[in-house]
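Working notes, beginning with the structure itself.
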Amino acid sequence: MPTTEETQLKKPTPKYRFRGHDNQILDFVFLRDNIHVVSGSLDGVMCKWNCDTGLLVGEPWSGEGGTIHALALSPDGRMIACGREDGSVQRWNTEGKMMEGIWTGHSDLVRSLSWSPNGNCISSGSDDETILIRKVVESGEIEVGPIKTGQGGVLALAYSPLGDKIASGGKNLTICIWDSKTGELVVSIEDLGHYDGITLRVAFSPDGKYVAYGGTDNTITLWVVREIAPELPVRDFMTIIIDDKLHSRKLVSSRRRRLALKSVLLHRLSSFICS
């Protein structure tokens, strides 16, 4: 039997390493069965992997449109949206069959995708600096947009829990929150603190009380939604924070309603490197 000290010193090892793509993997999704992962790559194909066996399931899923930069699983777990280099958005079922209708409208590659909580709409963000919000149930008809973000490219998107707002992270180091019904800007957060990098992910908490972003400076920053946009509704849930430190914060507003908020909660990810 190994001693306690030997157990503590033993380093964990990965269960599997899924190998099969010919280029970088920029996005992947876990399916709802908790067995399969679907990955998208710059090689232009998606692969479905079995987490129990470590093997590729069937053949890679090939489609037109070039490299794959974004994937997003629908709320019901039945559909995967795929954002491509040519600015198109495709929909695939979880067995690898592409659904009819390739959605176009962006003039540059699609960097980010987000489903509305009810699954009726999907938003896409592009290097053309726009967001398109489409009705999924009506063959991809554009419901809102193009929303001209002025963010130098939309790298990240996230719906609020109620689905009435959507946050975008841009190449120009800003986070914007938009009204998902009208496309109007609600608030722009400019003082992100990403002095050496860019925002790669943005997300709302399940109760809508917080919005967070992470980027290439190895940091996740958490914002209190009511402080940056008091008019936004949040769900009435109790929030418990354990072992977090509350830092000083500064709110600066301008006539354009652009707010700069000095860090609220920072969690330093010293070992995380975005590439």
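A short reminder: the numbers here are calculations on the coordinates, not readings from a lab. Predicted model, so just to flag it, every value in this text is computed and none were measured. Using ideal geometry, Cβ is built from the backbone for each residue, glycine included, and neighbour counts are taken over all protein chains shown.
In whole angstrom, how far apart do the alpha carbon centroids of segment 46-96 and segment 155-185 sit? If we compute the Cα centre of each part, the gap is 24 Å.
For the cross-link pairs K10/K48; K97/K181; K15/K48, the ones whose C-alpha atoms lie over 26 Å apart are K10/K48; K97/K181. Taking the square roots of five times each eigenvalue of the Cα gyration tensor of segment 117-172, the equivalent ellipsoid has semi-axes of 20, 13, 8 Å, listed largest first. With a simple spin-label model that places each label point 7 Å from the Cα along the Cα-to-Cβ direction, the separation between D108 and V137 comes to 3.4 nm. Look at the alpha carbon pairs under 8 Å that are at least 6 residues apart: their mean separation over the length of segment 62-168 gives a relative contact order of 19 percent.
Put simply, segment 25-148 fits an ellipsoid with semi-axes of 24, 16, 11 Å; these come from the alpha carbon gyration tensor as the roots of five times its eigenvalues, largest first. Between C51 and N218, the modelled label-to-label distance comes to 2.8 nm, taking each label 7 Å out from Cα in the direction of the beta carbon. Pick out, from G96, P146, V136, the residue whose Cα sits farthest towards the positive end of the charge dipole of segment 25-148, with +1 on the Cβ of Lys and Arg and -1 on the Cβ of Asp and Glu. It is V136, whose Cα lies furthest towards the positive end.
At full extension, E184 and E85 could sit 33.0 nm farther apart than now, given 0.36 nm per residue minus the alpha carbon distance.
Per residue, the average separation of C-alpha pairs within less than 8 Å and at least 6 apart gives segment 1-109 a relative contact order of 17 percent.
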